[in-house]
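Some notes on the structure that comes next.
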Amino acid sequence: MFKKQLTLVGGLLIVLMLSFAGCKSKFEKLKASNDYAKKYREAIRLYNKRDYSKALELFETLVARYRGQSQAEDLYYYYAYTNYKLRDYTSARYHFKTFAETYPTSSRAEECRFMAAYCYYLDSPIFSLDQSNTQSAIDALQLFINLYPKSERVVEASKLIQNLRDKLERKSYENAKLYLTIGYYQAAVIAFGNSLRDYPDTKYGEEMEFLTIQAQYEFAKHSGEYYQEARYELAIADADQFTEKYPKSTYLAQIATYKKDSDRGIINAKRVLAEAASDEKLARRLAKKDSTRVQPPSEKGQTDQKIPQ
């Protein structure tokens, strides 16, 4: 009895394997055939069944064949979306853009122009990585808004642009903080200034202005005595400006400390320089002491809508 059951199970497995092999060979046979009309129908059927991988295989054999024919527009539209559904956003944005440029009078041109930009948006990485795609996404979305200012998608495009700008703002802020953390104080001062200039309405504004004072103070503190007075004075000036601008800031106590320590630093620097005036060896040593760092550059630098189901 047990052997009969094993034989029955084995037979069923063989039937299933043959069945699967038959289905595979049927698809491959169609893929290799010259029946393009049947391929076209099957590709659409597979797309609608969400079997995007197989649909893509067929679409790729059809695109060149139907170029210039009446079916080409529909075919290329589905081809672009098949890449999108497979999350190949690089290929998808290329094909969406190509569709919009090839069929500029099509009722789908606007949608495909938006989707090309949206694919850039989806390819934008986290803030800590290279943001080339982020800037490209902003440019593409802004181009869409310029080309279709009355489109119902303009609101969505504007929201996406803001999300991307927030990411660039965060990267600029974090990069400036990193310079401070690793002790590149002059670079930090410059980077904070660049960030505040590039993003004047940033939500990190108050914190970055405080950190600028901290960085400027540390820069002066680690500088040679010949340079300290001028650099401490910049920290004091920034502290006074901050206190006037943010009279209720939680950073005021720390700001007061930096200002007080800067005053002391100036007094100490003047004392050391006075000693150096009568000590040539000390003067030569002080003249070689400084903490200048390299200046960093300026940092500025998902909803499906009306798509085939």
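The values are calculated or read from the model by the stated rules, or taken from the named source; none is laboratory data. This one's a predicted model, so the numbers in the text were calculated from it and none came from an experiment. FYI the Cβ positions are ideal-geometry reconstructions off the backbone, even for glycines, and counts take in every protein chain you see.
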So, first residue of a type in the set (A, V, I, L, M) in the stretch 67-80, second residue surrounded by 13 or more Cβ atoms within 10 Å (Cβ to Cβ) and in a loop (DSSP other than H, G, I, E, B), Cβ within less than 9 Å, six or more apart or across chains; the pairs are Ala72/Tyr103
Quick check on this structure: which one of Arg87, Arg153 is at pLDDT 95 or above, touching a Phe, Trp or Tyr at 6+ places or on another chain (Cβ under 6 Å) and over 30 Å from Arg197 (Cβ atoms)?
Arg153
Which count do you get for residues in the stretch 213-236 that are surrounded by fewer than 24 Cβ atoms within 10 Å (Cβ to Cβ), of a type in the set (Ser, Thr, Tyr) and touching a Ser or Thr at 6+ places or on another chain (Cβ under 6 Å)?
1
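Residue-wise test of (1) assigned to a helix (DSSP H, G or I); (2) farther than 25 Å from Ser195 by Cβ; (3) of a type in the set (Lys, Arg); (4) modelled with pLDDT of 75 or more.
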| site | (1), (2), (3), (4) |
| --- | --- |
| Gln241 | yes, no, no, yes |
| Arg264 | yes, yes, yes, yes |
| Ala269 | yes, yes, no, yes |
| Leu286 | yes, yes, no, no |
Considering the stretch 118-149, residues that are at pLDDT 95 or above and not in a helix (DSSP H, G or I), and then whichever is nearest to Pro104 (Cα to Cα), we arrive at Tyr148
Looking only at the stretch 140-165, count how many residues are acidic (Asp, Glu) and surrounded by 14 or more Cβ atoms within 10 Å (Cβ to Cβ).
1
Do we find that Tyr84 is buried (at least 16 other Cβ atoms within 10 Å of the Cβ), more than 21 Å from the chain's Cα centre (by Cα) and under 22 Å from Tyr52 (Cβ atoms) in this structure?
no
Among the listed residues Ser53, Ser19, identify the single one that is among the polar types (S, T, N, Q), modelled with pLDDT of 70 or more and assigned to a helix (DSSP H, G or I).
Ser53
